[in-house]
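The values are calculated or read from the model by the stated rules, or taken from the named source; none is laboratory data. Only a predicted model underlies this, so the values are computations on that prediction, with no experimental measurement involved. Ideal geometry is used to build each Cβ from the backbone, glycine not excepted, and the neighbour counts take in all protein chains shown. For accessibility, only protein heavy atoms count, side chains too; no ligands or nucleic acids. Shrake-Rupley method; radii C 1.70, N 1.55, O 1.52, S 1.80 Å.
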Amino acid sequence: MKILGIETSCDETSVSVVQDGAKVLTLVTATSLEMHKKTRGIIPENAARKQVEYMIPVLQEALSNQDVDAVAVTENPGLIGSLVVGVETAKALSFALDKPLHLISHLMGHIYSLWLDKNRKEQPKFPFVVLLVSGGHTELYLVKSHQQINFLGGTRDDAVGECFDKVARSLELGYPGGPAIDAEASKIFNSQFSIYFALRNTRKVCNKNTFKLPKPMITSKDCEFSFSGLKTAVHRITLSKKLNNDEVTQLAFEFRETAVEILISKLLFASKMNQTKNIAVVGGVAANALLRQRLEELRSTYTVFLPHLKYTGDNGAMIASNAYFNNYSK
Ligand code: KG4
Ligand code: ZN
């Protein structure tokens, strides 16, 4: 069974054909990211106009000679102007090809990135707890089956991806902030590593918390998050003094450590509360190098499911996969 998946919730125009929910036959993604770098963030009107421009060429390339049995599209949440381009294209295709149309939640779609290009052994085992971390969302779900996905809790204010983006702006590291902070913070890891080896007889390691960043809600006995205090704390530091390059790197490093510590601690809390050792992380922030490293370290005690790096961000394949498992798998 081949499903055409269309994702246009934000600044990516992404179209994919996926077989039986897991095998990605084609995936073509155009992004207007470069344009948004100039404005240091997304202006919805600009993103929507780029969706209009990219849709037909992306569709033509992804669909090339593929017969499809159904059409799936992201319905919500997202920027309305961008969403409309995908939804109207999908409706027209469904009508013209006389194939069923499936409207998919972008958030549920991210969960299905866990199935993409994975064989049966690597695919998630029910029940599992999944942490969805993106630019707009930070949420925990208990996935009992394809039909039963229970919301456990989410952020009370900023999403963690947004926090990465705003902190990068305060530190003048550019947009999008997640990859920029990841790269900046990794400089310390590398140099710390060599300092550690040089001085290992004295066991001297660098200080991990010179800026005393807060860890909001880390000990609260629930599945909720708060990131606005952490974002503001970094911003206040940048206002209080002019940071030199080393200090910017150190602050990016400490921010990443703090954010990842909060995410892991809440994920493990949710896993304990729901009595499952099956854990997963999806969404754009699941590309974070430190987060992935921490999850790898947990593999001795937990069964960890992670999407391939190329499927962490928004893509049409996860939308097609979700439509398959919701409607066609036994
Ligand atoms: O899922 P996604 O592609 O789009 C939304 O649905 O929002 O997530 C985008 C978010 C952005 O905030 C971006 O900065 C963040 O994911 N991100 C990262 C990394 N790569 C992307 N955050 C931390 N570390 C990364 N390596
Ligand atoms: Zn997303």
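Consider only pairs whose beta carbons are under 6 Å apart and that are at least six residues apart or on different chains; among these, list those whose first residue lies in the stretch 98-111 and is open to solvent by 60 Å² or more (accessible area, probe 1.4 Å) and whose second residue is within 16 Å of ligand 1 (Cβ to nearest atom).
Pairs found: Leu103/Glu75.
On the basis of being under 14 Å from the mean Cα position of the chain (by Cα), of a type in the set (Val, Ile, Thr) and within 22 Å of Asn274 (Cα to Cα), does Val160 make the cut?
No.
Answer yes if at least one residue in the stretch 165-188 is open to solvent by 40 Å² or more (accessible area, probe 1.4 Å), within 16 Å of ligand 2 (Cβ to nearest atom), at pLDDT 90 or above and not in a loop (DSSP other than H, G, I, E, B), and no otherwise.
Within the stretch 165-188 (the criterion being open to solvent by 40 Å² or more (accessible area, probe 1.4 Å), within 16 Å of ligand 2 (Cβ to nearest atom), at pLDDT 90 or above and not in a loop (DSSP other than H, G, I, E, B)), the answer is yes, since at least one residue qualifies.
Taking the stretch 279-330, which residues are near ligand 1 (Cβ under 10 Å from one of its atoms) and part of a loop (DSSP other than H, G, I, E, B)?
Gly283, Asn288, Thr312, Gly313, Asp314, Asn315, listed by residue number.
For Asp246, state whether it is charged (D, E, K, R), away from ligand 1 (no atom under 15 Å from the Cβ) and within 30 Å of Lys125 (Cβ to Cβ).
Taking the combined requirement at face value, the residue does not satisfy it.
If I go through the stretch 295-330 residue by residue, how many of them are among the acidic types (Asp, Glu) and farther than 20 Å from Leu63 by Cβ?
Here the count works out to 2.
Go through the stretch 132-153 and give me each residue that's assigned to a loop (DSSP other than H, G, I, E, B) and either in contact with an Asp or Glu (Cβ under 6 Å, 6 or more places away or on another chain) or within 16 Å of ligand 1 (Cβ to nearest atom) (or both).
Selection gives Ser134, Gly135, Gly136, His137.
So which residues in the stretch 265-287 are open to solvent by less than 10 Å² (accessible area, probe 1.4 Å) and within 16 Å of ligand 2 (Cβ to nearest atom), if there are any at all?
Within the stretch 265-287, Ala280, Val281, Val282, Gly283, Ala286 meet the criteria.
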